[in-house]
Amino acid sequence: MEVWAVYSFLDKNDPERIEGLFSLLPENMVQSVNKYKNINDRKARVIAKLLLEILVRKMFPDQNFFWNLYSKDSFSKPYFKGLEINFNTSHNENLCIVCAVQKDKCGIDSETVKPLDWKIYNDFLHPDEKRFINRQTNQQAAFYEIWTKKEAVLKASGLGIARELESIDAHKKMVTVNHQNYVTQKLDISENSITYIATEREINKLNLEEIIF
């Protein structure tokens, strides 16, 4: 299957250009983003919207893009009316990324790697995940790999954290949720973060591009 993904590092962009592009978005979207008081959170959400527009234009070059096609379903999951596209976004402290596929499901998660005691997350880990981590020389890296895959898969499934995290085993490439298999793939974007994408089928073509505003 073919997957599109675009990403942007927050500190590489021109703040004035970002604000100028942001001001062109629909008023209700601007108001929604402006509710976030944390500067980085707000910036990441602004860039996510801009990246999403770029991605849709790339995937549907013959389709006129209008933000009035953007809507949310009863579970607050965003979609574009009349377009066969499933998309997902993630951001960490300095990276924002958006992925998309046609027809199938996808999910993405990116985490900034920081020193931590992974055992404080014991209650959210599957027994096989714990055993896997304990066997690794770099247990912190193993935890981040598992956690990021788990988040990506849950986002792809549409369940989010509504599902008991400890019931899902994400220490292998293939992860099963509600009898549905998801394939996970690592995206090597930054040395300071770990990013995984989850899809229903194996990715045979990945269109990955960095965007700088």
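The values are calculated or read from the model by the stated rules, or taken from the named source; none is laboratory data. Here the structure is a predicted model, which means the values were calculated and not measured. What goes into the accessible areas is simple: the full protein's heavy atoms, side chains included, and nothing from ligands, DNA or RNA. Shrake-Rupley method; radii C 1.70, N 1.55, O 1.52, S 1.80 Å.
Couple of notes before you dig in:
- Accessible surface of the chain, 1.4 Å probe, proportion on carbon and sulfur as whole %: 46 percent
- Between Glu27 and Arg201, the contour length at 0.36 nm per residue exceeds the Cα-Cα span by 58.9 nm.
- Solvent-accessible heavy-atom area per residue, rounded to whole Å², over the chain at 1.4 Å: 54 Å²
- For the pair His179 and Lys77 in one chain, pulling the backbone fully straight at 0.36 nm per residue adds 34.6 nm over the alpha carbon distance.
- Solution diffusion estimate, µm²/s, Stokes-Einstein, the stretch 133-213, Kirkwood Rh from C-alpha pairs, 10 °C, viscosity 1.306 mPa s: 116 µm²/s
- Largest accessible area first, the listed residues Val33, Val113 line up as Val113, Val33 when surface is computed with a 1.4 Å probe on the assembled protein chains.
- Where Rh is the Kirkwood radius over Cα pairs, Rg/Rh for the stretch 67-213: 0.97
- Nearest-10 value in Å² for the accessible area of Ile203, using the 1.4 Å probe: 30 Å²
- Mean residue ellipticity, 222 nm, helices only, the chain: the sum of -39500 (n - 2.57) across DSSP H runs of n ≥ 4, divided by residue count and rounded to 500, is -9500 deg cm²/dmol.
- Solvent accessible area, Å² - Met174, 1.4 Å probe, full protein context: 100 Å²
- Once all protein chains are placed together, Arg45 keeps about 70 Å² accessible to a 1.4 angstrom probe.
- Between Asn34 and Lys172, the contour length at 0.36 nm per residue exceeds the alpha carbon distance by 45.8 nm.
- Look at where the Cα atoms of the stretch 76-107 and of the stretch 7-41 average out, and the two centres are 18 Å apart.
- Rg and Dmax over the alpha-carbon atoms of the stretch 16-82 stand at 12.5, 37 Å.
- When the alpha carbon gyration tensor of the stretch 1-116 is reduced to an equivalent ellipsoid, its three semi-axes come out at 22, 18, 14 angstrom, largest first.
- Across all directions, the average flat footprint of the convex hull enclosing the Cα atoms of the stretch 100-166 is 5.1 nm².
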